[in-house]
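The numbers here are math on the coordinates, done by the rules we state, and not lab data. Quantities reported herein were computed from a predicted structural model and do not represent experimental measurements. Don't worry about glycine lacking a Cβ; one is built from the backbone with ideal geometry, like all the others, and counts go over all protein chains shown.
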Amino acid sequence: MSGSPPALRALIFDVDGTLAETERDGHRVAFNRAFAELGLDWQWDEALYGRLLAVTGGKERMLHYWRGVDPRGAQAPDAVELIAELHRRKTRHYVDLVQSGAVALRPGVRRLLEQARGAGLLLAIATTTTPDNVDALLRATLGVGADEMFACVGAGDIVPRKKPDPGIYRWVLERLGLGPEACVAFEDSPAGLCAAHAAGLRTVVTPGVYTQREAFPEAWALLDGLGDEHRPAVGHVAGRAWRGVLDPAQLRTWAG
Ligand code: XBP
Ligand code: MG
C-alpha cells in the first residue's frame, strides 16, 4: 500500500464572512428592516450583532435574542410563527440588498474559484445561511450561471443542526462522493472551523471583520486573506509562517 496522501479533489467554501463580508452590511441590515416592518423596537447595532453571531442561523439568532430581552414573550404559542415571518421578510431584504450591490466578494475569492475550476478541482458550498441568500450572492457577484460553478451547495435547514455541528460538511462530502482527506474547507469563524474540523477537513481560515480577534487553534492554515499580486496573504500553514498568493498549486503542495 502506498503511503502517499489522496489527491486534492475539491474545495468547500463557507459563504458568510468567507466568500464575502455579508454580515455587517447585509444580514444585520436585513434583520433590522424586518424588525421595523413588524413594529418591533429591536435594533441590532454593529457591536451587538457581533456578539449575536455566536448563534448561527438567522431564526436561531432571533430566538436567542428574544429570550434575552423578553423571556416570557419568546415562550408564547405564536413565537415560532413570528420568528418564521420575520425570517421570510429578512431574507427578502437580504436578497434585495445583495442584488443592489451592497456586498462584494472578498479579495482573491473570484480568482481562486476560477483557478480551481481551471485546475480541475470541484467547488462546493457548506453554509448555515438560507439557499435564496446563496443564490442571490453568487449571481450578484459572479454573474448569471454562477451556481453552475459549484458541484454541490449545502445550505440552511437542509441539515437539522447548524454549525458548529459538522452535519452540513458531512452532507456536502456525501453529495460529492469524497472523503474529507480529498478536500480543503475555507472558513472565517470559530463555529465554522469547528464544523469543518469535526468533519475531518483540513481548513484554511481567513478571519473577517467580526472574527479577526478569535483564536483558531484547529486551523490547518490561518491567513489574513487569499492574497493577490498586489497584496500577498500573510499567516501560518501547518505551524509554519507563509506569505504569498493562495492558488490551487499551493494548496496541492500543502495537501501533499
Ligand atoms: C452564517 C450565519 C447565517 C447568517 C444568517 O454562518 O450564521 O445564519 O448570519 O443567515 P456561517 P439566515 O458563515 O458559519 O455559515 O438568516 O439565512 O439563517
Ligand atoms: Mg462564516
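For this structure, a couple of remarks:
- Set against the 2.2 N^0.38 Å expectation for a compact globular protein, the chain has a Cα radius of gyration ratio of 1.02.
- Shape metrics for the stretch 125-235, restricted to C-alpha atoms - Rg then Dmax, Å: 14.3, 42
- Extension gain from residue 218 to residue 110, taking 0.36 nm per residue of separation minus the Cα-Cα distance: 36.3 nm
- Put the Cα centre of the stretch 189-256 next to the Cα centre of the stretch 45-114 and the gap is 25 Å.
- Cut-off 15 Å between beta-carbons: net charge of the residues surrounding residue 206, Lys and Arg +1, Asp and Glu -1: -4
- Hydrodynamic radius (Kirkwood) for the stretch 24-99, which is based on Cα pairs only, to one decimal in Å: 12.5 Å
- Simple label model, 7 Å out from Cα along Cβ direction - residue 25 to residue 70, nm: 3.2 nm
- The stretch 162-211, relative contact order [Cα under 8 Å, separation at least 6], %: 42 percent
- In this calculation the C-beta distance from residue 79 to residue 45 is compared with R0 = 30 Å, giving a FRET efficiency of 0.80.
- Helical content of the chain, expressed as a calculated mean residue ellipticity at 222 nm, amounts to -11500 deg cm²/dmol (DSSP H runs of 4 or more residues, -39,500 (n - 2.57) each, divided by residue number, nearest 500).
- Residue-span extension gain [residue 231 to residue 54] - 0.36 nm each, minus C-alpha spacing: 60.7 nm
- Computed from the Cβ-Cβ distance with R0 of 22 Å, the FRET efficiency linking residue 7 to residue 238 stands at 0.75.
- Choice from 233, 182, 215 showing the highest fluctuation, given a GNM over the chain with Cα pairs closer than 10 Å: 215
- Longest exposed-site-free window of the chain, the sites being trypsin sites (Lys or Arg not before Pro) in a DSSP loop that have at most 15 other C-beta atoms within 10 Å: 73-160
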